[in-house]
Amino acid sequence: MIELQKDTLVFSFPEVHPDAVLRIAFQRTFRIPDDGKNYPLPPGFGNFPLRHMDDFAERIPEGWLERGGVMFPMYQSEALWLLFSDWSMRSEYPFAVKVAAGKINAVTGKGWENGLNRRPQDYLVAPSQPWLDGFCVEKGVIRQFVAMPLGAGYSAEEQLTGAAEYGGLQIVAYPMKREAYERLPKYTGSDFLFADAAPRAAGRSMGLAPGGRMRQKIYDDKYKFEDWDLGHSSRCFVHTVNSLVWRQLTGQSPPTVPPTAKEYDDAGLPWFDLYDDGVQALEGGGALKGL
């Protein structure tokens, strides 16, 4: 089951286990410079506003309604990162999560496939993977999710397939099997430490393109592949809407434009690093390196 709560997607599987709940928030941030350098983690400026497509059916393009899901507005001057969490803190119930942009897998760079693959790993493990900021282009490096008009040739989808058909994000979550979860040690808190004490979350259709380079690991799956419950899954299409069109579709104002990386840096505000030296990282998607 998928619900929308406080601008957050909530995936729950009570038929698998009462603790099987995953929340995914879509955090706003600025675009880091696309200058070939590797940057630390930028801050979050709060959640993008998420809205059900069906609530605005009379104004939504027919193709979007057929896919269903939710939508949010995004300026070309900002970027996106995904936050994975269980706010209840009752548990850290593991999920295998596949994330694609325009049906291009953000971990491998391959086209969308149902199910999971372990070799190479085409999913991330949440919420032990705390966030995802972009396309995994090499080991320990991602390129930021940034918005570009679909059809302009810049999205990962267009660069790899030559088509501008889907745009947005596609997310599917698979819970861990009940018996595998109940064998795990009880969750006692985060295994990771931050370099800064502050939390990190301080045309019409848009596609996601690769932006600046950032230091971020996509963690290797530490569980057995047979621990994942492939018989249960939930999938959601997340449409990215040009902020200037958002008001026409919803009658609501989009968020204000976030500061630039330079403005943020000039103000002396913090960047962030994650101390996760003991965690193995994936090599990155070969097809994504040339974007």
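The values are calculated or read from the model by the stated rules, or taken from the named source; none is laboratory data. The structure presented is a predicted model; accordingly, all values stated were derived computationally and were not measured. FYI the Cβ positions are ideal-geometry reconstructions off the backbone, even for glycines, and counts take in every protein chain you see. To get the accessible areas, we keep the full protein, side chains included, count just its heavy atoms, and leave off ligands, DNA and RNA. Shrake-Rupley method; radii C 1.70, N 1.55, O 1.52, S 1.80 Å.
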Computed over the chain, Cα set: Rg, Dmax in Å: 18.1, 51
Candidate cut points under chymotrypsin sites (Phe, Trp or Tyr not before Pro) in region 39-146, DSSP loop plus at most 16 other Cβ atoms within 10 Å of their own Cβ, are Trp87, Trp112
Sequence-distant aspartates and glutamates (8 or more away, or on other chains) whose Cα lies within less than 18 Å of Lys177: Glu15, Asp19, Asp86, Glu92, Asp221, Glu226, Asp227, Asp229
If each of Glu165 and Glu15 carries a label point 7 Å out from its Cα toward its Cβ, how far apart are those two points in nm? 2.9 nm
Accessible-area ranking of Tyr39, Tyr174, largest first, probe 1.4 Å: Tyr39, Tyr174
Take the Cα pairs of region 48-183, get the Kirkwood Rh, then feed it into Stokes-Einstein at 4 °C and 1.567 mPa s and tell me D in µm²/s. 78 µm²/s
Expressed as a whole percent, how much of the Cα-Cα distance distribution for region 96-160 exceeds 21 Å? 22 percent
In nm, what is the difference between 0.36 nm times the number of residues separating Asp55 and Ser77 and their Cα-Cα distance? 5.2 nm
Neighbour cut-off at most 12 other Cβ (10 Å), DSSP loop, trypsin sites (Lys or Arg not before Pro), region 42-140: Arg59, Arg90, Lys139
Listed here are the pairs Lys6/Lys289; Lys98/Lys222; Lys37/Lys224; which of them are more than 28 Å apart at the Cα? Lys6/Lys289; Lys37/Lys224
For a distance above 15 Å, tell me the whole-number percent of Cα pairs in region 205-291 that qualify. 80 percent
Of the accessible area of the chain, with the probe set at 1.4 angstrom, what percent is carbon plus sulfur? 49 percent
